[in-house]
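Student: Before I ask anything, let me first share the structure, which is written out below as structure tokens.
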Amino acid sequence: MLDKNVLEYSETLKKLGINHSILEHPELVTVEDVQKYLGFGLDEALATLIMKTEKGFVAIVRRGDCALDSKKTKKVLGVESLSMATDDEFRQITGVVPGAAHILHPVTKVIIDEKVFEKEKINGGSGSLLYTFRYDVGDLKKIPQSQIADVTKLTVSTVINKSNRVFSGIRATGRLHLGNYLGAVKGFLELEKTGKYETVYCVVDVHSITTPYDKEALAKNKREIIIDYLAAGLDPKKSIIIYQSDVPEHIELAFYFSSVVNVARMLHLPTYKDKIKQHPNAVTMALLNYPVLMAADILIYKAGLVPVGIDQEPHLEVTREIARKMNQLYGTDFPEPVRFATKGEYIPSLTGEGKMSKTIAGSYINLTDSLEEIRKKVRSVPTATTAGGEMSSGVKTLFTFANLFMPEETVKYKKAFEDGTLKFVELKDALAEAIYRELKPFQERRAKIASDTKYVDEVIRDGAERARKIAKATVDEVKKKMGLI
Ligand code: TYM
């Protein structure tokens, strides 16, 4: 049962239009302990300080990983003196005990540090030591008497990254589509080409079993993706190309990592919530563990750079949290990996809504589609019947593709759109041809590689051998540091 004060506070927030959810935990006083229990980092915590100045009290709301910069704060407030309120003063002003402060303080001015707005959601006190509010950060601007200002400095470096390894993976749930190619594979190629990194590219077949699947299709699809990688231009002499299940150390490390991951954190991930909506009868431990296995995939190679689409950012955040926790608790030296973004980091769906995805019929173009198939699919993108006016989402999609596949011609089509003279079918057919032009060499190489069974087998065997050496060394190190050997 929720505390009456917490409910009242929640109602007040609702009236102000501040969207939030309520998280429950045992009685915890410090922000560190609450975040640890809930499985979040300090960068996703709001900490409220009540400060005393010659002009009166002020509440300062900042992120848990940011320290107050008194010089900046005095300047913003136009004051000479600035000190912390005593515990008694804190109680008087907030009406609650220290540690339980919430963000609404009717008697004080509120300064919200601008770094708070770098996050989408953030946790803050509820007035009770048993509940924490998770706010939609954009709504915090609605706090009465509040002002956003730069009053802090970061205390913990958020990216500690000296690694020169790259890792990425694609699930074996079907053939590759344009979203996979533009958001991920193009990044794989770009990084391989620099010659500066040791690149490891994987078909994450074990991740493919976290949602219902067909075993014959999986066995076939996983090999097709290796062939796609090679046809796209990955060079097995430069990159290590592997099946995840050929390096069982990934699974082993994921289990060790799961000991520092909080269940509540996993339950709140948007990707998990989406998947359980799609598969309400298959809410499994494997699905809940998906991000932990992904963290193990990356960190087992101590990779610092991960070429993936923007949709994978929440999983990378979990990976960084795991790296930090392992380093803190066991003295490991995992880097905090960052995403390598391509120009195609978000490829929209052909339906005009959401992103291109293997699981949404009619949303994607496969890399192996013929010109005829591509033409048919591009023609199906919904467009306004009359040209001109506001761009509908379908039209925006067409222009996103135009920018990526025929950038020189896009200006001409855009002008025609603005003048109201654009014939959509002409734009669509030109686009279909431009897409096919880019895919044709890939398809030709693909046919050759697919017929060379021995070569493909050798790439997979050699990749597994090279990867296992690195993976085994990391697992041995972790076992030692965790007291297992
Ligand atoms: P998966 O198989 O869903 O997608 C593979 C890659 O394709 C990118 N992608 C897109 N990029 C731009 N626009 C789109 N519409 C689009 N659709 C897909 C994804 O961002 C991804 O880069 N969790 C990962 C697999 C994985 C992984 C890893 C990735 C497991 N372990 C370790 C990197 C590192 C996934 O589901 O990808």
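Student: What's the extension gain from Lys343 to Ser357 if we count 0.36 nm per residue and subtract their Cα-Cα distance?
Tutor: Numbers: separation 14, 0.36 × 14 = 5.04 nm, distance 1.75 nm.
Once the chain is fully extended between Lys343 and Ser357, it gains 3.3 nm.
Student: Let me ask another. Is there a quick way to get the dipole size of segment 76-212? I mean about its Cα centre, with the Cβ of Lys and Arg at +1 and of Asp and Glu at -1; what is the value in debye to the nearest 20? Don't skip to the answer; put the middle values down first.
Tutor: Values: 16 positive and 15 negative charges, 123 e Å.
For this selection, approximately 600 debye.
Student: Highest mean first, how do 162-175, 19-32 rank when packing is the count of other Cβ atoms within 10 Å averaged over residues?
Tutor: Details: 162-175: 20.6, 19-32: 14.9.
Output ranking for 162-175, 19-32: 162-175, 19-32.
Student: Taking only C-alpha pairs under 8 Å that are 6+ residues apart, what is the relative contact order of segment 4-154 in percent?
Tutor: Numbers: 290 pairs, mean separation 47.5, N = 151.
Answer for segment 4-154 is 31 percent.
Student: Separate question: Take the cross-link list Lys196/Lys448; Lys14/Lys141; Lys273/Lys376; Lys237/Lys358 and give me the ones stretching past 25 Å between alpha-carbons.
Tutor: Table pairs above 25 Å Cα-Cα are Lys196/Lys448; Lys273/Lys376; Lys237/Lys358.
Student: Which GluC sites (Glu not before Pro) in segment 100-154 sit in a loop by DSSP (not H, G, I, E or B) and have at most 13 other Cβ atoms within 10 Å of their own Cβ? Don't skip to the end; give the middle numbers.
Tutor: On the way: sites: Glu114, Glu118, Glu120; in loops: Glu120.
Answer in residue order: Glu120.
Student: Apply 1/(1 + (r/R0)^6) to the Cβ-Cβ distance of Lys480 and Asp33, taking R0 = 25 Å, and write down the FRET efficiency to the nearest 0.05.
Tutor: Details: r = 29 Å, r/R0 = 1.15.
FRET efficiency, Lys480 to Asp33: 0.30.
Student: Reported to two decimal places, what Rg/Rh ratio describes segment 371-451 when computed on Cα atoms with Rh from the Kirkwood expression? Mind showing how you got there, number by number?
Tutor: Working: Rg = 14.3 Å, Rh = 13.4 Å.
Ratio of gyration radius to Kirkwood radius for segment 371-451: 1.07.
Student: At 7 Å along Cα-to-Cβ for each site, give me the label-to-label distance between Lys237 and Tyr330 in nm.
Tutor: Calculated label separation equals 3.8 nm.
Student: List the pairs from Lys454/Lys479; Lys325/Lys480; Lys162/Lys325; Lys162/Lys472; Lys302/Lys355 whose alpha-carbon separation is above 27 Å, in the order I gave them. Before the final figure, lay out each step's value.
Tutor: On the way: Lys454/Lys479 37 Å; Lys325/Lys480 16 Å; Lys162/Lys325 18 Å; Lys162/Lys472 21 Å; Lys302/Lys355 30 Å.
Violating the 27 Å limit, Cα to Cα: Lys454/Lys479; Lys302/Lys355.
Student: Given the C-alpha centroids of segment 56-83 and segment 311-342, what is the distance between them in whole angstrom?
Tutor: 31 Å
Student: I would also like to ask the following. Suppose we keep just the DSSP beta bridges with both residues in the chain; what percent of those would be antiparallel, to 5? Could the numbers behind the result be given before it?
Tutor: Working: 26 of 51 bridges.
In the chain, approximately 50 percent of DSSP beta bridges are antiparallel ones.
Student: Looking at segment 376-485, which chymotrypsin sites (Phe, Trp or Tyr not before Pro) are in a loop (DSSP not H, G, I, E or B) and have at most 12 other Cβ atoms within 10 Å? Let's see the in-between values first.
Tutor: Values: sites: Phe399, Phe401, Phe405, Tyr413, Phe417, Phe424, Tyr436, Phe442, Tyr455; in loops: none.
Sparse-neighbourhood loop chymotrypsin sites (Phe, Trp or Tyr not before Pro): none present.
Student: Moving on. Please list, by residue number, everything in segment 400-434 whose backbone N is under 20 Å from a paramagnetic label point 7 Å out along Cα→Cβ of Lys193.
Tutor: Residues 401-409, 434 qualify, since their backbone N sits under 20 Å from the label point.
Student: Between Arg461 and Glu54, what is the label-to-label distance in nm when each label sits 7 Å out along the Cα-to-Cβ direction?
Tutor: With each label point 7 Å from Cα toward Cβ, the separation is 8.2 nm.
Student: Taking 7 Å along the Cα-to-C-beta vector as the label spot, tell me the Glu426-Asn281 distance in nanometres, rounded to one decimal.
Tutor: Label at Glu426, label at Asn281, 5.2 nm between them.
Student: With r defined as the distance between the Cβ atoms of Ser370 and Gln147 and R0 fixed at 51 Å, what FRET efficiency is calculated, to the nearest 0.05? Please list the in-between numbers first.
Tutor: On the way: r = 59 Å, r/R0 = 1.16.
The value I calculate is 0.30.
Student: Okay, moving on. For helix 290-299, report the angle its Cα long axis makes with the longest principal axis of the Cα atoms of the chain; keep it between 0 and 90° and round to the nearest 10°.
Tutor: Once rounded, one gets 80 degrees.
Student: Can you give me the accessible area per residue for the chain, using a 1.4 Å probe, in Å²?
Tutor: Working: 22810 Å² over 485 residues.
For the chain, the solvent-accessible area averages 47 Å² per residue.
Student: Further question on the same structure: Give the residue list of chymotrypsin sites (Phe, Trp or Tyr not before Pro) in segment 336-382 that are DSSP loop and have at most 13 other beta-carbon atoms within 10 angstrom. Numbers along the way, then the final one.
Tutor: Numbers: sites: Phe340, Tyr346, Tyr364; in loops: Tyr346, Tyr364.
Answer in residue order: no site qualifies.
Student: On to the next question. Taking all protein chains as present, what is the carbon and sulfur share of the accessible area of segment 4-154, in % to the nearest whole number, probe 1.4 Å?
Tutor: Working: 3670 of 7140 Å².
Heavy-atom surface of segment 4-154 belonging to carbon and sulfur, 1.4 Å probe: 51 percent.
Student: Same structure again: Once you have the Cα-Cα distance between Asp88 and Lys414, take 0.36 nm times their residue separation minus that, and quote the gain in nm to one decimal. Walk me through the numbers on the way to the answer.
Tutor: Details: separation 326, 0.36 × 326 = 117.36 nm, distance 6.39 nm.
Additional length available on full extension: 111.0 nm.
The values are calculated or read from the model by the stated rules, or taken from the named source; none is laboratory data. None of the values given here were measured: they were computed from a predicted structure. We place every Cβ from the backbone using ideal geometry, glycine too, and count neighbours over all the protein chains shown. The protein model used for the area step is the full one, side chains on, heavy atoms only, and it has no ligands, DNA or RNA in it. Shrake-Rupley method; radii C 1.70, N 1.55, O 1.52, S 1.80 Å.
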